[in-house]
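A short worksheet on the structure shown next.
The values are calculated or read from the model by the stated rules, or taken from the named source; none is laboratory data. The model shown is predicted, which means the values in this text are computed figures rather than measured ones. Ideal geometry is used to build each Cβ from the backbone, glycine not excepted, and the neighbour counts take in all protein chains shown. SASA here: full protein model, heavy atoms, side chains in, ligands and nucleic acids out. Shrake-Rupley method; radii C 1.70, N 1.55, O 1.52, S 1.80 Å.
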Amino acid sequence: MNNSEEFMCPELRVALCHLKEALRCLLHSVVFCRSLGAHNVVTPMSIYSEQLELGYVKCYSPDLSIDNLIETRINAFATLFERELAIPTHTHTNVPPSQGTAELRIGFYVPRAKRAIWGIFKPPG
C-alpha cells in the first residue's frame, strides 16, 4: 500500500548559470519546512542569494551533514542536466537543446507506528 502524497510546484525557469543556486534555495527551503516539528531540533540560518536576489532559510547542522547531502544532490542533478544538454538527442521533443527541461523529485520516508495484530502480537518497545 502506497502511503505517499504528491505536491507539484509550478514550472521554474532559470538560466543554466543560475541552476545550482536555484536548486540550493529550493532544496534548503523544502528541507527546512519538513524539519519543523521533527524530533531533532533544527537551527534556522538565514541566507541571502546575491545571484537570485532573494533570501531563504536552511537548516544548520554542526556536522554539515545536511549541507553536504544537498550539495551532493545538486551537483549530481546539474551534471546530468548539463550532460543531457550537450547530447543532441532532443529530436523526439519540440524543445530545442538550448532550452532543455528537467524534473526534480524529492521523496521523504516517514516510518509508520507499528500496531498490534488483533491485540495479540505487540511490537517491542
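Would you check if there is a residue in region 30-50 being in contact (Cβ under 8 Å) with a residue 40 or more places away in the chain and either part of a helix (DSSP H, G or I) or of a type in the set (Gly, Ala, Ser) (or both)?
yes
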Across region 1-44, the tally of residues that are at pLDDT below 85, small (Gly, Ala, Ser) and more than 17 Å from the chain's Cα centre (by Cα) stands at 2
Look at residue 11 and say whether it is part of a loop (DSSP other than H, G, I, E, B), under 18 Å from residue 104 (Cβ atoms) and not aliphatic (A, V, I, L, M).
-> yes
Of all residues in region 53-108 being among the acidic types (Asp, Glu) and either in a loop (DSSP other than H, G, I, E, B) or modelled with pLDDT under 80 (or both), the one that is nearest to residue 11 (Cα to Cα) = 103
Complete set of residues in region 10-38 that are open to solvent by 50 Å² or more (accessible area, probe 1.4 Å) and touching a Phe, Trp or Tyr at 6+ places or on another chain (Cβ under 7 Å) | 34
